[in-house]
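**Q** Quick one: the structure is below, questions incoming.
The values are calculated or read from the model by the stated rules, or taken from the named source; none is laboratory data. Given the structure is predicted, the values throughout are model-derived calculations rather than measurements. Reconstructed Cβ throughout: ideal geometry from the backbone, glycine too, with neighbour counts over all protein chains shown. Note: areas computed on protein heavy atoms with side chains; ligands, DNA, RNA excluded. Shrake-Rupley method; radii C 1.70, N 1.55, O 1.52, S 1.80 Å.
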Amino acid sequence: MEIDLEISDEDYVIQRAKDSFKSNPVAAKAWVLTAKTLYPNNFAVQFEAYQIEKDAGHIKEAAKCFSDLITSFQQSPDLWKEIEKVTAALRAESDSQDVEKQFLCEMFRHISSEVQHKLLLFTADHCEDTMEHCRLLLLLLQRFPTAISSNVLRLVDTLMSAEKHSIDGHFPVNPYRKLLVCDLLPLLANEPTKLELSSKMLHKLLQKAIEFYLCYLGLNTSTIQDSDTKIEDPWGKLFGVLEFIGKQLNWEPYLTNFTTNWSKESYWQKIITFCQSKSKGYPLEDKQLLFCLSVFFVHCLFEYNASLIPESSPGQTPTTYMMVEAFSDSNLPSLIAETKSKKRKSDADVFTTPSVTVEKPELKNIQSNFMICMNCWDLLNSSENLQREFIKLNAHLKLDLILSGFVIDYALYKNLYDEALMFLHKITDTTLLAQKYLRITGILYVKKNYSSCLEPILLALPLLPTNNVGSLSNNLIIGGNQKHLHYLPLTRMAILQYLVKVLLRCVRENMAKHSYSELSIGHTFVLSQLDWPQEEDFIPPLLEQIQQHRSFQYHNFQNYIINVDILEEITYLWTSQGGQIQLDILPHLGQRRIGTRGADKGVKEEIKQAIRRQIARSNERVDELLVNFILNERAQILQTLV
């Protein structure tokens with residue numbers, strides 16, 4: 001073997017160890033021992049000894065060499081690279097596919113605790129990258145729980161400061177917040193002893209955790225939930241943080257425990273119990289009630305909003321449901337017998353509990369979710385102090401987006417119509433405009449502002465869904481006189497049905513202002529066709545009016561009246577048996593009102609033919625007919641509303 005005469009003694013020994021490694025491991029080990037003994041202060045020798053033991057898979061020997069390196073050569077760049085490999089392996093300890101990482105983790109376990117602690121702390125302190133520094137400190141706390149008390153505040157402050165100054169620090173779902181909320185807080189929760197953290201700091205941590213998880217859940221804005229940010233059971237983890245902070249602050253355990261067989265109804269009873277257990281002088285802005293109630297409320301609100309868009313069958317378009325002012329009819333049997341205490345003294349004097357209905361029984365959870373949310377909202381607004389504290393909390397949580405629909409539902413339930421209109425007029429999202437106009441229409445009808453109802457109806461019609469036709473609802477009318485709210489499916493047919501029902505009632509109720517309005521009667525005939533026979537009760541009184549006045553003029557007859565039952569009733573009145581009313585339904589005949597008597601046999605035949613043509617059209621799509629009627633005849637419709 002040739003010997004390089006210019007090579008140093010240290011390099012010569014290292015080279016001999018390397019050359020022997022593959023062919024004669026025993027000889028290589030002898031050279032390593034020789035080198036380490038002869039040159040204990042030479043980094044290259046000591047590091048090569050470590051590398052050889054590592055390559056040979058000798059865990060204990062490699063651990064001893066690595067310990068010696070950390071003790072004597074902390075400033076060497078090559079050692080730092082290896083330390084980075086070790087710390088990276090420790091953070092990805094569950095990665096069973098990487099052989100080197102497995103070896104480094106096992107090697108670390110064979111290093112003394114003192115050296116392990118020293119390595120992690122020293123590495124963290126000398127790390128220039130803030131995120132890496134925080135990860136190393138976290139790793140230190142995970143490995144050495146005894147270091148938590150002396151390092152936790154430092155790590156919390158570093159994470160909060162780094163988040164504040166980072167580019168994406170304004171967005172709650174960021175790497176620093178995730179490390180704080182998803183890694184550090186669960187670690188601290190496992191500590192058996194109390195931490196030396198101030199109440200103010202604990203409140204801040206809880207607030208940041210709530211904000212993080214709510215934003216992650218997509219309540220405030222769309223989030224990128226890739227593999228790095230994927231969180232299993234975010235609500236469960238948030239409840240865990242609340243329980244941990246509650247223990248630190250000596251809060252009532254039953255109020256912070258969401259883990260053992262809890263339900264929304266049972267937890268609400270806990271809230272009631274807590275409030276009742278306190279004296280009247282108890283400060284309702286108390287942080288315990290504020291945070292526990294707020295977290296519970298937002299959880300219920302999340303479930304309420306989710307229940308408004310129930311899961312659909314594969315291949316079907318999901319249907320959204322929305323609370324609207326619906327209708328009641330005293331001629332129908334009442335669903336709920338009103339007690340004397342619940343009856344109104346007048347329309348405005350006493351609040352009457354509304355009847356709330358859903359489209360089908362399997363959607364009953366929408367009602368229960370809403371009632372729980374409403375109870376929470378009432379409690380949050382039950383005192384100025386608690387209301388003020390919740391507003392402060394909301395300034396950080398930014399719940400306005402998920403609250404927007406609920407506060408309108410709440411206002412409808414409580415008859416706060418002006419407040420509901422105020423919220424509705426603020427909506428600018430183009431995807432919500434149809435819902436906006438739908439709600440405004442219902443509110444204006446309840447306020448008996450009939451002429452104003454037409455505008456939102458006209459604005460809503462061009463926005464009818466095209467990808468979800470749906471069907472007519474059977475639950476928009478209930479028996480009795482009570483206020484009725486209904487969760488309407490936002491499909492083309494159901495929305496149109498609702499708008500037409502409102503417009504029909506506006507026209508009918510406004511007829512009282514006129515002695516005999518043939519235009520109103522004609523519009524009622526047209527509008528009642530969509531939801532026939534549910535609206536057929538409107539027709540007999542109108543036929544009586546026509547019979548009494550012995551005439552009926554409606555020049556939109558040929559364009560829009562195609563319902564066979566209505567056509568038969570009108571035709572009957574025109575016959576001798578029905579009273580021989582004068583029927584003016586053909587605009588081109590001028591002002592003449594034509595009856596069955598008289599010389600103009602041709603006109604009489606023309607009316608017969610016109611009615612036959614209308615009957616022949618009875619299979620046409622009534623929904624399209626009604627849309628065209630409202631859009632094309634807006635001026636005539638408005639005449640019947642003023």
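**Q** Do the conditions hold for ILE336, that is, is it open to solvent by 90 Å² or more (accessible area, probe 1.4 Å) and either assigned to a loop (DSSP other than H, G, I, E, B) or at pLDDT 90 or above (or both)?
**A** yes
**Q** Another question, then. From the list SER452, SER515, SER471, which one is in contact (Cβ under 8 Å) with a residue 12 or more places away in the chain and among the polar types (S, T, N, Q)?
**A** SER471
**Q** Now a separate question. Return the pair list, or none, for Cβ contacts closer than 9 Å from residues in the range 51-62 that are over 18 Å from LEU79 (Cα atoms) to residues that are aromatic (Phe, Trp, Tyr) and open to solvent by 40 Å² or more (accessible area, probe 1.4 Å), at least 6 apart or on different chains.
**A** Short answer, once both residue conditions are applied: ALA56/PHE21.
**Q** In addition: I want to confirm something. Restricting to the range 558-573 and keeping residues that are out of contact with any strand residue (DSSP E or B) (no Cβ under 9 Å at 6 or more places or on another chain) and more than 14 Å from ALA616 (Cα to Cα), which single residue is least open to solvent (accessible area, probe 1.4 Å)?
**A** GLU569
**Q** Also, I was wondering about something else. Given LEU79, LEU104, LEU69, LEU33, which one is within 27 Å of ASP11 (Cβ to Cβ) and surrounded by fewer than 14 Cβ atoms within 10 Å (Cβ to Cβ)?
**A** Of LEU79, LEU104, LEU69, LEU33, the one residue that is within 27 Å of ASP11 (Cβ to Cβ) and surrounded by fewer than 14 Cβ atoms within 10 Å (Cβ to Cβ) is LEU33.
**Q** When the residues of the range 502-538 are narrowed to those that are hydrophobic (A, V, I, L, M, F, W, C) and not in a helix (DSSP H, G or I), which ends up surrounded by the fewest Cβ atoms within 10 Å (Cβ to Cβ)?
**A** Among residues in the range 502-538 that are hydrophobic (A, V, I, L, M, F, W, C) and not in a helix (DSSP H, G or I), the one surrounded by the fewest Cβ atoms within 10 Å (Cβ to Cβ) is TRP532.
**Q** Which number in (1) on the phi > 0 side of the Ramachandran plot; (2) surrounded by 15 or more Cβ atoms within 10 Å (Cβ to Cβ) marks the one condition that PHE390 misses?
**A** Here PHE390 clears every test but (1).
**Q** Now for a different question. Filter the range 462-501 for residues that are among the β-branched types (Val, Ile, Thr) and under 26 Å from LYS364 (Cβ atoms); which is surrounded by the fewest Cβ atoms within 10 Å (Cβ to Cβ)?
**A** VAL469
**Q** Restricted to the range 102-124, and to residues that are under 44 Å from the mean Cα position of the chain (by Cα) and at pLDDT 85 or above, which residue is nearest to PRO77 (Cα to Cα)?
**A** By that ranking, first place goes to CYS105.
**Q** Further question on the same structure: Would you tally the residues in the range 584-604 being at pLDDT 80 or above and more than 17 Å from VAL564 (Cβ to Cβ)?
**A** Summing the residues that are at pLDDT 80 or above and more than 17 Å from VAL564 (Cβ to Cβ) in the range 584-604 gives 1.
**Q** Tell me which of these LEU459 doesn't satisfy, since it passes every other one: (1) closer than 26 Å to GLU633 by Cα; (2) open to solvent by 40 Å² or more (accessible area, probe 1.4 Å); (3) not in a helix (DSSP H, G or I).
**A** It fails just one condition, (3).
**Q** Moving to a separate point now. Considering only residues of the range 418-450 that are loosely packed, with under 15 Cβ neighbours inside 10 Å and of a type in the set (Ser, Thr, Tyr), which is nearest to ALA494 (Cα to Cα)?
**A** Out of the qualifying residues, it is THR431.
**Q** Shifting gears a bit: It is to be established whether one or more residues within the range 468-481 are more than 26 Å from SER312 (Cβ to Cβ) and either out of contact with any Ser or Thr (no Cβ under 8 Å at 6 or more places or on another chain) or in a loop (DSSP other than H, G, I, E, B) (or both).
**A** yes
**Q** Can you pull out every residue in the range 307-327 that is farther than 25 Å from ILE372 by Cβ and modelled with pLDDT of 85 or more?
**A** Within the range 307-327, THR317, PHE327 meet the criteria.
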